[in-house]
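See structure below.
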Amino acid sequence: MSYVDEVIERVVEKNPSQPEFHQAVKEVLNSLRPVVEANEEKFRKDAVLDRIVNPERQIIFRVPWVDDKGQVQVNTGYRVQFNSAIGPYKGGLRLHPSVNLGIIKFLGFEQIFKNSLTGLPIGGGKGGSDFDPKGKSDREVMAFCQSFITELYRYIGADTDVPAGDIGTGAREIGYMYGQYKRLTGLYEGVLTGKGLSYGGSLARKEATGYGLLYITDEMLKCHGDTMEGKTVIVSGAGNVATYAIEKAYQLGAKPVTCSDSTGWVYDPDGIDLDALKEIKEVKRARLTEYKSYRPNAEYHEGRGVWSVKADIALPCATQNELNLEDAKALVANGVKVVAEGANMPTTQEATDYLQANGILFLPGKAANAGGVATSALEMSQNSERLSWSFEEVDAKLKGIMVNLYHNIDKAAKKYGFEDNFVAGANIAGFEKVVDAMNAQGIV
Ligand code: GLU
């Protein structure tokens with residue numbers, strides 16, 4: 001049996017009930033086959049893949065807090081410090097009822113390669129909790145965040161592990177966590193990113209994931225003799241990533257016509273009203289059901305359905321496994337030419353295979369959504385030098401990072417004979433840097 005197959009088998013056997021983690025590991029290891037096979041015995045002897053699929057450290061803890069009725073609630077907190085070969089652990093905190101160890105491990109594993117692809121010195125980690133901020137009062141959210149950090153503060157720090165936002169963790173949550181970290185340690189340091197602008201946050205961090213997604217998609221199109229101009233774009237999600245992907249899509253001359261949340265989706269044939277979307281989601285923290293009151297011509301549908309709309313480009317920006325084989329078939333039948341992932345692993349493996357087999361240009365999340373964490377690393381730099389850069393400066397750096405990233409994954413794909421297979425290119429390019437750093441540092 002090949003070393004890749006041995007490791008996949010061990011991961012599945014040793015980590016039962018973690019299907020998302022298995023999925024992420026299989027996707028990465030399968031595309032590393034040519035790299036591993038070229039040096040099979042050395043990889044096996046040094047247990048390179050075994051080390052890379054085992055987190056350096058996993059922290060699981062109780063998070064007790066008191067709700068507005070005086071009832072004590074208990075959630076589980078997680079931080080998986082996956083790989084620090086190229087820098088301090090870096091990755092978001094997901095607050096969502098679906099969170100469990102397997103989901104945090106899949107996200108942390110992806111983060112290793114994503115962070116490597118940014119070209120910046122950040123290792124991979126991820127954390128979060130099964131706490132649901134939806135429907136909670138500000139006081140309840142603060143109580144949870146303070147309790148969460150009261151345990152986690154021991155394991156994080158500006159030079160060790162720097163958490164950030166993810167689904168359910170935005171500026172409000174990061175603020176409460178930062179305040180509690182400072183209170184417990186007395187340190188005013190860049191321990192979290194995605195901070196508010198008044199206390200060390202970076203301009204353009206909020207926009208970065210969505211903008212970055214469009215910068216890399218645009219670069220890929222340009223390299224294939226096309227542009228974003230005049231394209232119809234279908235987007236899922238209505239959070240930070242989707243909102244700023246829609247904003248940048250407009251700026252590049254495209255027309256985004258859909259968005260979605262956990263209860264339904266909107267099709268606006270005239271193009272999504274960005275101001276309405278921001279007001280509904282960022283100000284009112286409400287449901288997309290409200291969208292029709294701003295735009296009577298738009299359609300609102302319960303459930304899921306964004307991928308059935310005719311378009312040129314699809315940008316899944318909601319969550320993992322939101323685009324399945326049936327959706328992929330609908331996209332191909334409707335003439336979609338590009339799928340670029342704003343979320344982490346939003347496309348199932350079968351759907352990815354189908355899209356690639358049908359000639360769709362497919363940009364995987366670990367490349368396409370890396371603009372968020374890249375800009376987090378720029379926030380860390382600004383915190384370290386105790387300076388703040390202008391929006392234009394950060395945005396220009398972000399664009400440069402995404403353009404470079406595209407060329408790196410394109411080069412890696414071509415080197416191994418996988419032209420236009422950006423899944424292979426991203427996995428190989430991300431992996432090579434991490435393994436090089438791990439080898440240089442001995443058996444760690
Ligand atoms: N949660 C984001 C991601 O999936 C951002 C992480 C960060 O900024 O550290 O990459």
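Results, tabulated for the structure shown:
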{"quantity": "Sole residue being out of contact with any Pro (no Cβ under 8 Å at 6 or more places or on another chain) and either in contact (Cβ under 8 Å) with a residue 40 or more places away in the chain or under 24 Å from Arg94 (Cα atoms) (or both), chosen from Asn358, Asn324", "calculated": "Asn324"}
{"quantity": "Boolean, Gly108 is closer than 28 Å to Asp261 by Cα, touching a Leu at 6+ places or on another chain (Cβ under 9 Å) and in contact (Cβ under 8 Å) with a residue 40 or more places away in the chain", "calculated": "no"}
{"quantity": "Qualifying residue in the range 390-398 (condition: away from the ligand (no atom under 16 Å from the Cβ), in a loop (DSSP other than H, G, I, E, B), touching a Leu at 6+ places or on another chain (Cβ under 7 Å) and over 28 Å from Ser236 (Cβ atoms))", "calculated": "yes"}
{"quantity": "Selection from the range 365-389 of residues that are more than 23 Å from the chain's Cα centre (by Cα) and either within 16 Å of the ligand (Cβ to nearest atom) or of a type outside the set (Asp, Glu) (or both)", "calculated": "Ser384, Arg386, Leu387, Ser388, Trp389"}
{"quantity": "Every pair of residues 6+ apart whose Cβ atoms lie under 6 Å, when the first sits in the range 165-187 and is over 17 Å from Gly91 (Cβ atoms) while the second is β-branched (Val, Ile, Thr) and buried (at least 19 other Cβ atoms within 10 Å of the Cβ)", "calculated": "Gln180/Ile149"}
{"quantity": "Within the range 1-119, helices (runs of 4 or more DSSP H) holding 2 or more residues that are closer than 26 Å to Gly239 by Cβ", "calculated": "19-31, 101-117"}
{"quantity": "Members of the range 186-210 that are part of a helix (DSSP H, G or I), surrounded by fewer than 24 Cβ atoms within 10 Å (Cβ to Cβ) and not charged (D, E, K, R)", "calculated": "Leu197, Ser198, Tyr199"}
{"quantity": "Count - residues of the range 414-432 that are outside any loop (DSSP other than H, G, I, E, B) and either over 14 Å from Leu363 (Cβ atoms) or out of contact with any Lys or Arg (no Cβ under 6 Å at 6 or more places or on another chain) (or both)", "calculated": "12"}
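Since every read-out is calculated from the coordinates, none of them should be taken as a lab result. Quick caveat, the model's predicted, so the values are computed rather than measured. So basically every Cβ, Gly included, is an ideal-geometry build from the backbone, and we count neighbours across all protein chains shown.
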